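Taking it in order: structure first as structure tokens, then the write-up.
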Amino acid sequence: MVKFSKELEAQLIPEWKDAFVNYWQLKKHIKKIKLARNKRPTQLNHGFGRSIVDPIRFIAMKLLLTKLFYSSNNNTNTDDDETVKVRSKSMEDASDHEVEFYQTELLQLFSEEDEVRVFFERLDEELNKVNQFYKTKESEFLERGEALNDQLQTLMDLKQILDGNRRRKPNILPRSSSSSRSNSGFSESPLGLKDGSTEISDEIIAAFERNGVKFMNSPAAEAAGGGAKRKKVEKRKAAMRIDIPATTPTSAISAVTSMLWEDLISNSTKKDSTAGHSINRKKIQCAEKMIRTAFVELYRGLGLLKTYSSLNMVAFTKILKKFDKVSKQQASASYLKAVKRSHFISSDKVVRLMDEVESIFTQHFANNDRKRAMKFLRPQQHKDSHLVTFFSGLFTGCFVSLFGIYIILAHLCGIFSATTGTAYMETVYPVFSVFALLSLHMFLYGCNMMMWKNTRINYNFIFEFAPNTALKYRDAFLICTTLMTCIVGALLIHLLLTAAAISPSHVDTIPGVLLLIFIALLICPFDIFYRPTRYCFLRIMRNIICSPLYKVLMVDFFMADQLTSQIPLLRHLESTACYFLAGSFKTHQYTCKNGSLYRQFAYVISFLPYYWRAMQCARRWFDESDPNHLANMGKYVSAMVAAGARLTYATQSNGLWFGVVLVTSIVATVYQLYWDFVKDWGLLNPNSQNPWLRDDLMLKNKSFYYISIALNVVLRVAWIESITQFRINQVQTHLLDFFLASLEVIRRGHWNFYRLENEHLNNVGKFRAVKTVPLPFREMDSD
């Protein structure tokens, strides 16, 4: 049977962990009470420790256990003389409204040194903390629901105008529960209008006409034409605008060139038969998608708040039962009555709002198909299959066996000798190094996901991955082992055909065929081989390559950081492309490196990852106006300069370029180390309670952080090998380059864990467990 403490730790919301009842601290108080009561018989045996007022205290406590008095600083219980009123000064200073707090009357029965008194004080603090957090989040979600209701009402009216239908739509919310709607956060009518009114469409049309757009048969047109029936439209103080984030190149270019908010109405050269201008249909579709996503996130947040309430209730029940067992007193029933009367249990606004969101979503976004709506609102996560684990182990065994056979045969054939191994390393090595580095990176990413899961880091939320299609660490291990098995198998086949004296022009096509198969699987349109993950990867790569035209998300710059550690992989792809496109595989002669175009393109390949990352920083500064992004961009510019200096020094080994490489590399390394430790990892805080770390640590053993700091420093200075030019022969040069490239990939995988840990702690500090979706429609004050 699993202990409740472990069950609570497994089920609680990681971003709200500090807001949950501190069950573990309360258990420590229970143990202290138990130890204190175990000492009491010893004291009685020595003839002291019993007080003359013990019988009186026992009777009084029994009476008060039947009725626990709680108080609040409102005036609802002013007639009760025994009510204790407690007010939070910190909350009173921050806002004008008063906050309800609870305090049990049992505290008056115990002295200051009594462990029971300390326990109840702590219990009251936890109850107040849970209650106030629930109220805060509930009010946030109710306000969000009200805003979404207004947004949806505006969207429905716009679609009504767009379709040429001027009739009044039925109310969005069910009319049968109007009284409950007012309590759950939705007003009776989003725009303050009564049932059957047509003033909503007329008001919107009037707002359009004030912006210079004329509609035929509108109230203003009827008034201008002398219509007999004219409706009085109240003048609005705001003009409606649409706010679509510039996430695509088209919208980004439009935002840069115009620098103005685009109107809901786009002036069109074509004139409709019923209107002087046409509504931008594409923008309406984008707005509908944003509102739909906002409803999904609202529903998810309400579900988390419901879980928060139920888990805390169970925690209070369990801890009070433990107190009854230790103290031999029946206090749980009376205290639980007060807990059940508290707001986080008695309030049903969240449940009612969830029902209303389900109804709205089913009606407007799922064509009244509830089953389809629930797929959006409650996506089901796929259960882990034992076949994934089985095949991961199977392919691991195959990889180890094939790799052992390959090493033996390569040694017997003299592949790695200085005389016969040069051509092999120039032709075969680049392609297989690409797959080897990619497999190593995938393996480390699987290790990252496993560590994130074990430490309760919500990486799916941080990366905004769909929980039902997100890759799991077992899947990453399966992809890695499958790919490595195929690579070593292809290497073994290539080696056997080479030893059998098959034509080199045919044998050397094996790496190219393997690369084409991999590309075909990556873009395969069929729903096989993790299609959601493959397409997500392609979409992220598109966003990176087109930087800064796309809006930068966390997953975008996280992947761009991975590319900065895979520059050797990109250089190998350049060699492979040159080898096959130039037809060198037919002659079995590798002459690409002798061309000037190849050497010039090497600079482009080495600069591209840093350039993409710098452009992302520039885009984030443009969107957020945070100067830290400009400082981060400077880090990648310095890395770009250092990479270019090292490439030049490789061809021009003189004292001048040695000094340039040394200076630029040292500056870039110091810049990168500072950003790693202080900005990305959040460490090196001299005022932290953990010396030179940070206050909150996900790993219990602090020595891991100090070791990681030292390891990151060592791996960051691996560029020293490039200026020492430690070379023996061509084969060992390639092997050494591959080893250093693998070290950089390992450093990046090691960096990934602490980077996401710091991001998770930032979310925890702000209690951010639900994505905030921007709303499309907003009102701008008119002059």
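The values are calculated or read from the model by the stated rules, or taken from the named source; none is laboratory data. Given the structure is predicted, the values throughout are model-derived calculations rather than measurements. All Cβ positions, glycine included, derive from the backbone under ideal geometry; neighbour counts span all protein chains shown. Side chains included, ligands, DNA and RNA excluded: accessible areas come from the protein's heavy atoms. Shrake-Rupley method; radii C 1.70, N 1.55, O 1.52, S 1.80 Å.
Quick look at the values:
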| quantity | calculated |
| --- | --- |
| Within the stretch 643-676, tally of residues that are exposed (fewer than 15 other Cβ atoms within 10 Å of the Cβ), under 20 Å from residue 633 (Cβ atoms) and touching a residue at least 24 places away in the same chain (Cβ under 8 Å) | 1 |
| Residues being part of a helix (DSSP H, G or I), under 15 Å from residue 554 (Cα atoms) and either hydrophobic (A, V, I, L, M, F, W, C) or in contact (Cβ under 8 Å) with a residue 60 or more places away in the chain (or both) - total across the stretch 438-465 | 4 |
| Out of 650, 631, sole residue that is in a helix (DSSP H, G or I) and under 20 Å from residue 604 (Cβ atoms) | 650 |
| Residue count, the stretch 281-317 (criterion: closer than 27 Å to residue 359 by Cβ, of a type in the set (Val, Ile, Thr) and at pLDDT 90 or above) | 4 |
| Test result for residue 428, crowded, with 21+ Cβ neighbours inside 10 Å, more than 37 Å from the chain's Cα centre (by Cα), hydrophobic (A, V, I, L, M, F, W, C) and within 23 Å of residue 743 (Cβ to Cβ) | yes |
| Qualifying residue in the stretch 618-626 (condition: within 20 Å of residue 665 (Cα to Cα) and at pLDDT 90 or above) | no |
| Helices (runs of 4 or more DSSP H) fully within the stretch 330-418 counting 3 or more residues that are under 30 Å from residue 498 (Cα atoms) and not hydrophobic (A, V, I, L, M, F, W, C) | 386-413 |
| Conditions (1) of a type outside the set (Gly, Ala, Ser); (2) open to solvent by less than 70 Å² (accessible area, probe 1.4 Å); (3) touching a helix residue (DSSP H, G or I) at 6+ places or on another chain (Cβ under 7 Å); number of the one not met by residue 374 | (3) |
| Among (1) open to solvent by 30 Å² or more (accessible area, probe 1.4 Å); (2) among the polar types (S, T, N, Q); (3) touching a residue at least 24 places away in the same chain (Cβ under 8 Å) - the single one residue 481 does not satisfy | (1) |
| Cross-chain or 6+ apart pairs with Cβ under 6 Å, the stretch 608-622 first and farther than 15 Å from residue 565 by Cβ, then of a type in the set (Ser, Thr, Tyr) | 614/636; 615/547; 616/547 |
| Matching residues, the stretch 687-702, being open to solvent by 50 Å² or more (accessible area, probe 1.4 Å) and among the polar types (S, T, N, Q) | 687, 689, 701 |
| Some residue of the stretch 594-616 being within 22 Å of residue 519 (Cα to Cα), open to solvent by less than 40 Å² (accessible area, probe 1.4 Å) and charged (D, E, K, R) | no |
| Number of the condition not met by residue 679 [criteria: (1) in a helix (DSSP H, G or I); (2) touching a Gly at 6+ places or on another chain (Cβ under 9 Å); (3) open to solvent by 40 Å² or more (accessible area, probe 1.4 Å)] | (2) |
| Qualifying residues in the stretch 318-331 (those that are surrounded by fewer than 16 Cβ atoms within 10 Å (Cβ to Cβ) and closer than 21 Å to residue 6 by Cα) - the one modelled with the highest pLDDT | 321 |
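Here is a yes/no grid of residues against (1) under 40 Å from the mean Cα position of the chain (by Cα); (2) within 16 Å of residue 429 (Cβ to Cβ):
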site: 481; (1), (2): yes, no
site: 487; (1), (2): yes, yes
site: 500; (1), (2): no, no
site: 525; (1), (2): yes, no
site: 538; (1), (2): yes, no
